[in-house]
Amino acid sequence: MTLIIQKYGGTSVGSTERIKNVARRIARFRARGQQIVVVVSAMSGETNRLIALAKEFQAHPDPRELDVMVSTGEQVSVALLSMALMDLGVKAKSYTGAQVRILTNNAYTKARILKIDEDKIRADLDAGYVVVVAGFQGVDESGSITTLGRGGSDTTGVALAAALKAEECQIYTDVDGIYTTDPRIVPEARKLKTITFEEMLEMASLGSKVLQIRSVEFAGKYKVRLRVLSSFNEEGEGTLITFEEGENMEHAIISGIAFNRDEAKITVLGVPDRPGIAYQILGPVADANIDVDMIIQNVGHDGMTDFSFTIHRNEFARTVDILKNQVQPHIGARGVMGGDRIAKVSVVGVGMRSHVGIASRMFRALAEEGINIQMISTSEIKISVVVDEKYMELAVRVLHKVFDLDQVS
Ligand code: ADP
Ligand code: ASP
Ligand code: MG
């Protein structure tokens, strides 16, 4: 008997009726003799509601307590889905992350999965149960509840697929696959039949929230067959993440466009232009466990330069604080300036490797729309630019058109 993992996102379990729908769908798979482990998210809006509630008590909620609290969203969903399955005559049993024992490190609110105990799940599957596991959560060595970062249920799904050596991990969501870009921004976006693992990794890391980046990393590391499909639509094969470039028959130069509004930009002004300065600025930031994304050091003149970088918006205040208090007085910089009204727009594609002129086509298209580029970063298979947030959607639409992503290739 084959085993599949099915993960249902927040919108897919967003109401009583939708949970019942998901249960009926699972019952049909079960009737075909399939073994199934289901991972569910909190009902849509619930995680946001819980975070907002916590913020009424602490401006920056204590991370351990926050995890105890937000993990309840998924705990409710697994119990409700199990009840719905039982009501249809399907044997079902729910587990929280701690009950399975999804062991994580203790980095509350962004914990990493270290190990999954499979024994209980295997025994239940053998006894004919559908096992329903709460996404997004685990437990650390000391028994404290942890969560895996926003969108973390995807990672629970793929990690379970890896641990249980499932045939496939199916991510059911409110779109019927991976598109050339977010179809909410560009209605002409096209659904992809396949996308390479490398491209998906870039898309996720550059802001496409359809899959949490760590779930894609897990799929790559353990070669999990991963597919994204619609939970509303019975038809369709969704999008398969492939490991061979040759499997991607679409051969587009650019496969997709990702964007991210979650970053902020900081500039340290009037920095002495001398060796070690980048380290003196970014060292204290790294010590505070803050990830830095793009970095630009401008050409110096008169022995001085400006140094800019981007970080997650949530870390903006903390980073400015560190720079003003620990860095500026130390290196004698003129000032610290920053803003969070920026967005990063990226074009991604393995086909870029063998084509020149992609960057100039991109920059020209943006220039023709009068969109100023503030920062640029490239790799073999992506080009990212930082632009003013107010031009983000326009930039995505223009690039989607310029690279013919709306045309069937
Ligand atoms: P879930 O609650 O099921 O986890 P998410 O909201 O996390 O769902 O992810 C699905 C959403 O991802 C879609 O509704 C869509 O707006 C967005 N999205 C962003 N980029 C893409 C893309 N390239 N293809 C498909 N969906 C995308
Ligand atoms: N409920 C969590 C979130 O909203 C996890 C998830 O949906 O994947 O981020
Ligand atoms: Mg999600």
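The values are calculated or read from the model by the stated rules, or taken from the named source; none is laboratory data. All values derive from a computational prediction rather than experimental measurement. All Cβ positions, glycine included, derive from the backbone under ideal geometry; neighbour counts span all protein chains shown. Side chains included, ligands, DNA and RNA excluded: accessible areas come from the protein's heavy atoms. Shrake-Rupley method; radii C 1.70, N 1.55, O 1.52, S 1.80 Å.
Yes or no: Lys209 near ligand 1 (Cβ under 10 Å from one of its atoms), open to solvent by 40 Å² or more (accessible area, probe 1.4 Å) and among the charged types (D, E, K, R)?
yes
Which of the following residues is part of a helix (DSSP H, G or I), more than 16 Å from ligand 2 (Cβ to nearest atom) and on the phi < 0 side of the Ramachandran plot: Ala23, Ala52, Ala59?
Of the residues listed, the single one that is part of a helix (DSSP H, G or I), more than 16 Å from ligand 2 (Cβ to nearest atom) and on the phi < 0 side of the Ramachandran plot is Ala23.
Pick from segment 1-20 the residues that are under 17 Å from Arg227 (Cα atoms) and not in a loop (DSSP other than H, G, I, E, B): which of them is farthest from ligand 2 (Cβ to nearest atom)?
Leu3
Considering each of Tyr129, Tyr172 in turn, give the residue that is on the phi < 0 side of the Ramachandran plot and more than 10 Å from ligand 1 (Cβ to nearest atom). Can you show your working first?
Numbers: Tyr172 fails: more than 10 Å from ligand 1 (Cβ to nearest atom).
None of the other options fit; the residue is Tyr129.
State all residues of segment 3-19 that are farther than 18 Å from Tyr95 by Cβ and either within 16 Å of ligand 1 (Cβ to nearest atom) or buried (at least 18 other Cβ atoms within 10 Å of the Cβ) (or both); if no residue qualifies, say none.
Correct list: Gly9, Gly10, Thr11, Ser12, Gly14, Ser15, Arg18.
Which of the strands (runs of 3 or more DSSP E) found entirely inside segment 110-209 contain at least 1 residues meeting this: without any contact (Cβ under 8 Å) to a residue 60 or more places away in the chain, more than 30 Å from Ile290 (Cα to Cα) and not charged (D, E, K, R)? Reasoning before the result, please.
Numbers: elements: 113-116, 130-134, 137-139, 145-147, 168-173, 194-196.
Here the list reads 194-196.
More than 16 Å from ligand 1 (Cβ to nearest atom), over 20 Å from Met83 (Cα atoms) and either open to solvent by less than 50 Å² (accessible area, probe 1.4 Å) or modelled with pLDDT under 95 (or both): does that describe Val139?
yes
Is there a residue being in contact (Cβ under 8 Å) with a residue 12 or more places away in the chain, within 16 Å of ligand 3 (Cβ to nearest atom) and open to solvent by less than 60 Å² (accessible area, probe 1.4 Å) anywhere in segment 79-86?
Checking segment 79-86: not a single residue is in contact (Cβ under 8 Å) with a residue 12 or more places away in the chain, within 16 Å of ligand 3 (Cβ to nearest atom) and open to solvent by less than 60 Å² (accessible area, probe 1.4 Å).
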